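Okay, so here's the structure we're looking at.
The values are calculated or read from the model by the stated rules, or taken from the named source; none is laboratory data. Just so we're clear, the structure is a prediction, and the values are computed from it rather than from any experiment. Glycine gets a Cβ as well: all are built from the backbone with ideal geometry, and neighbour counts include every protein chain shown.
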Amino acid sequence: MDAAPAATETDVALCEDDLAEDDTADEDLTMEDLIEEVSIDGMCGVY
Amino acid sequence: MTTTLDQAWTLSPSVALRPEPFGALAYHFGNRKLIFLRRHELVAVVRALGEHPDARSALVAAGVPQAHHHAYAMALAGLAARDVIRRRPDGGENL
Amino acid sequence: MKLVEQFELGLDAPICLTWELTYACNLSCAHCLSSSGRRDPRELTTRQCEAVIDELQRMAVFYVNVGGGEPTVRSDFWHLLRYAVEHQVGVKFSTNGVRITPERARFLAATDYVDVQVSLDGATAEVNDYVRGPGSFDMAVRALENLRDAGFRDAKISVVCTRHNVGQLDDFQALADRFGATLRLTRLRPSGRGADVWDDLHLLPGQQRELYDWLLARGDRVLTGDSFFHLAGFGDALPGLNLCGAGRVVCLIDPVGDVYACPFAIADQFLAGNVLTDGGFQRVWRDSPLFAELRSPQTGGACASCGHYDSCRGGCMAAKFFTGLPLDGPDPECVMGHSEQALAAPRTLPGVSQDHSRAVSTRKQPVMLTLLTSRPAAPPVTACAGSPLAGFVPEATAP
């Protein structure tokens, strides 16, 4: 097996983001990946 | 969008920020908007905005890669539009 | 992971929740989801309610939907309202309008972080009072007038969509506009007394389509509480999470401190615990085995092979439960008609575990209830029933 390449700054940043299970390439990160608004009235199970 | 990153911001006092496994929930008690912050880095940025002379330095301090800055700027603009974050009165000055 | 998928696994604290403050009510609506009428003697005290609010504050629950029964008939209601907002818990309360005098309306207009939701189930007195009782339309309208005149902004008018009022949607919107209010349309569930009137009141298939089309066309101004995600099979999903929030992001605290998965599921099978006897609300929310089960990945059961499952999620758990359908099968109002066979077949309906209905007819009773009680039927089980097995109906094995 080849030795793993030295980690770059970008690799480290992505590794730390361990809850983002998607493989978002750097250029593909969108606003929707970061924030999402929903109405407080928009969940079922309240009056 | 670069103007967003060059400005000084702070978390709005009407907002409650609640940590979640996936990031955080932000609820604005005034306009009743509920926004999900889906990355821990974004949460760190939002919390730290008030301590930085501009948003860009907050991104750098949180370790946000340069290539993501544009998306983060859009997200911050979206948060500003909902009054989750506000311009700081002392904004824009070089420290 | 999509946000909806994240929520299905549950949160450390609810985002918001329903809190029924009392089972007492001045009305006897035919479809009451909490079978309210008579106060339960085990109702939480003022101090116990304050303790719940303290916990909600610690958990950072953003706001509570207070209901009942009629919450304003509690003499400490206005105190608890102030207590909540002073402890960073926003309040929306649901009311039939009985105590919303001009003076109270002025108090509400001057109080931050409070929202008022007035219940109305007909755009005319004729349609409304048929299910809510004589004079109830006028009482609700008076409350809305008082709120508007006091400068209270953006009250909510909350409508349960029924066979009889679905043709009045434009009129409801006009009413909301007249009072500077926002219209809210919600789904009728066969819960509480709703089980008795379900066959007569639930939307017919064509009416479901009519409602769906209306919401798509006008939905941006109308709230729905995400109660129509079962209609997603018609096409585009309506705004909202399109997710059953029960036990995951929302739940119910009832007047005696019982915690249920949702206000439409007041039944022993959906009882997660009690705030008084199980170490407080947070302990119940986090440790209840029922909630752990609801938060575990759901497979879709019989609905998994349907192409619409991704958007409709198999519909409403409470609707299935109270119509005696399997919880891992289609909603009784599945828009693809996948429940027709099961509904036509013999079913065992669950027994009523909590019935606070008034035992005797009053002159305020809605005409619909009067008509129903003249049909031969088993008398409702009351809290005074002597036998521990009262109301027990042996049921098919739960999944």
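In table form, for the structure just shown:
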| quantity | calculated |
| --- | --- |
| Yes/no for C:PHE152 being aromatic (Phe, Trp, Tyr), buried (at least 23 other Cβ atoms within 10 Å of the Cβ) and without any contact (Cβ under 8 Å) to a residue 40 or more places away in the chain | no |
| Selected residue (only one of C:ARG82, C:ARG47, C:ARG58 is assigned to a helix (DSSP H, G or I), within 14 Å of chain B (Cβ to nearest Cβ) and over 26 Å from C:SER353 (Cβ atoms)) | C:ARG58 |
| Residues of region C:142-170 satisfying the condition of being closer than 20 Å to C:MET368 by Cβ and of a type outside the set (Gly, Ala, Ser) | C:VAL159, C:VAL160, C:CYS161, C:THR162, C:ARG163, C:HIS164, C:ASN165, C:VAL166, C:GLN168 |
| Residue tally, condition of a type outside the set (Ser, Thr, Tyr) and in contact with a strand residue (DSSP E or B) (Cβ under 9 Å, 6 or more places away or on another chain), over region C:113-140 | 12 |
| Residue that is more than 21 Å from C:GLY67 (Cβ to Cβ), touching a Leu at 6+ places or on another chain (Cβ under 8 Å) and assigned to a helix (DSSP H, G or I), where the choices are C:GLN173, C:GLN168 | C:GLN173 |
| Residue that is crowded, with 24+ Cβ neighbours inside 10 Å, closer than 26 Å to C:THR277 by Cα, modelled with pLDDT of 95 or more and of a type outside the set (Phe, Trp, Tyr), where the choices are C:VAL91, C:VAL66 | C:VAL66 |
| Hey, B:ARG82 more than 11 Å from the chain's Cα centre (by Cα), closer than 21 Å to C:PHE62 by Cα and either basic (Lys, Arg) or more than 10 Å from chain A (Cβ to nearest Cβ) (or both) or not | yes |
| Test: C:ARG163 is under 19 Å from the mean Cα position of the chain (by Cα) and either within 14 Å of chain A (Cβ to nearest Cβ) or over 30 Å from B:ARG18 (Cβ atoms) (or both) | yes |
| Number of the condition not met by C:ASP220 [criteria: (1) closer than 30 Å to C:ARG58 by Cα; (2) free of Cβ contacts under 8 Å to residues at least 24 places away in the same chain; (3) outside any loop (DSSP other than H, G, I, E, B); (4) within 13 Å of chain A (Cβ to nearest Cβ)] | (1) |
| Selection within region C:186-211 - without any contact (Cβ under 8 Å) to a residue 40 or more places away in the chain and not charged (D, E, K, R) | C:GLY206 |
| Matching residues in region C:114-128 - criterion: being surrounded by 18 or more Cβ atoms within 10 Å (Cβ to Cβ) and either at pLDDT below 95 or closer than 15 Å to C:LEU144 by Cβ (or both) | C:ASP115, C:VAL116, C:GLN117, C:VAL118, C:SER119, C:LEU120, C:ASP121, C:GLY122, C:ALA123, C:ASN128 |
| Listing of helices (runs of 4 or more DSSP H) fully contained in region C:227-329 that carry 2 or more residues being within 11 Å of chain A (Cβ to nearest Cβ) | C:317-322 |
| Some residue of region B:65-86 being in contact with a Ser or Thr (Cβ under 8 Å, 6 or more places away or on another chain), of a type in the set (D, E, K, R) and assigned to a strand (DSSP E or B) | yes |
| Filter result for C:GLU333 (under 26 Å from C:THR186 (Cβ atoms), of a type in the set (Asp, Glu) and either touching a helix residue (DSSP H, G or I) at 6+ places or on another chain (Cβ under 9 Å) or modelled with pLDDT under 85 (or both)) | yes |
| Search result, residues across region C:14-27 that are out of contact with any Cys (no Cβ under 9 Å at 6 or more places or on another chain) and modelled with pLDDT of 95 or more | C:GLU20, C:THR22, C:TYR23, C:ALA24, C:ASN26, C:LEU27 |
| Residue check, C:GLY97 on the phi > 0 side of the Ramachandran plot and in contact with a strand residue (DSSP E or B) (Cβ under 6 Å, 6 or more places away or on another chain) | yes |
| All strands (runs of 3 or more DSSP E) inside region B:4-54 with 1 or more residues being within 11 Å of chain C (Cβ to nearest Cβ) and crowded, with 19+ Cβ neighbours inside 10 Å | B:15-20, B:23-28, B:33-37 |
